[in-house]
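One structure is given here, and the rest of the page talks about it.
The values are calculated or read from the model by the stated rules, or taken from the named source; none is laboratory data. The structure presented is a predicted model; accordingly, all values stated were derived computationally and were not measured. Cβ coordinates were reconstructed from backbone atoms using ideal geometry, including for glycine residues, and neighbour counts include every protein chain displayed.
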Amino acid sequence: MSDAPTVHFAVSLQPYRSLSPEGFRWLIRGAIAANLLIGVPMFILGAWPVFGFMGLDVWLLWWFVKRSYFDARRGETLTLTDSELIVERWTPKGDREHFRLEAYWLRIEADEERLVLVSRGSRLTIGRFLSPVEREALADRLKAALAKRRQNPG
């Protein structure tokens, strides 16, 4: 017989990125082609500084999308057991945080801007990177799991 706690709810959360790596490559190729189409004639006409600024905008586009991919490496896992909700959070750099909230006292406060877990005076905001619709769906699923756990405590 195992003494492992019963898991009533478990989910892993990560930011959504709609642009795939292949789509990113095509975006950069398109930006380079458009800039060459405009920049080369400008360079030939003597407006050579335009060419440099057009290269700068491609570099900035590349940097911002790469930064977005880096930020997408963050995430959270939520695990609801008989006695507690365990939240593990990691950053893009690999730093990890663990939080344990007593399930008996757990309350969920949700609105369009944030999802907050409250338990015995402790407050923890989760899913900051989720859209309002995703946050609301997560809150509903977590509330349903808590209600089910409270109906069948063991």
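The requirement of being touching a residue at least 40 places away in the same chain (Cβ under 8 Å) and over 15 Å from the mean Cα position of the chain (by Cα) is fulfilled somewhere in the range 96-113, by at least one residue.
Restrict the check to the range 145-154 and report whether at least one residue is within 23 Å of the chain's Cα centre (by Cα), more than 20 Å from Tyr16 (Cα to Cα) and not assigned by TED's automatic domain parsing to the domain that holds Ala31. So far as the range 145-154 goes, yes, one or more of its residues are within 23 Å of the chain's Cα centre (by Cα), more than 20 Å from Tyr16 (Cα to Cα) and not assigned by TED's automatic domain parsing to the domain that holds Ala31. Among the residues of the range 114-131, the one identified as of a type in the set (Gly, Ala, Ser), touching a residue at least 40 places away in the same chain (Cβ under 8 Å) and either farther than 17 Å from Arg141 by Cα or in contact with a helix residue (DSSP H, G or I) (Cβ under 7 Å, 6 or more places away or on another chain) (or both) is Gly127. Each residue in the range 7-50 was checked for being under 24 Å from Trp90 (Cα atoms) and either in a helix (DSSP H, G or I) or not small (Gly, Ala, Ser) (or both), and 11 of them qualify.
Strands (runs of 3 or more DSSP E) fully within the range 57-148 that include at least 2 residues being on the phi < 0 side of the Ramachandran plot and surrounded by fewer than 14 Cβ atoms within 10 Å (Cβ to Cβ): 96-102, 107-110, 122-126.
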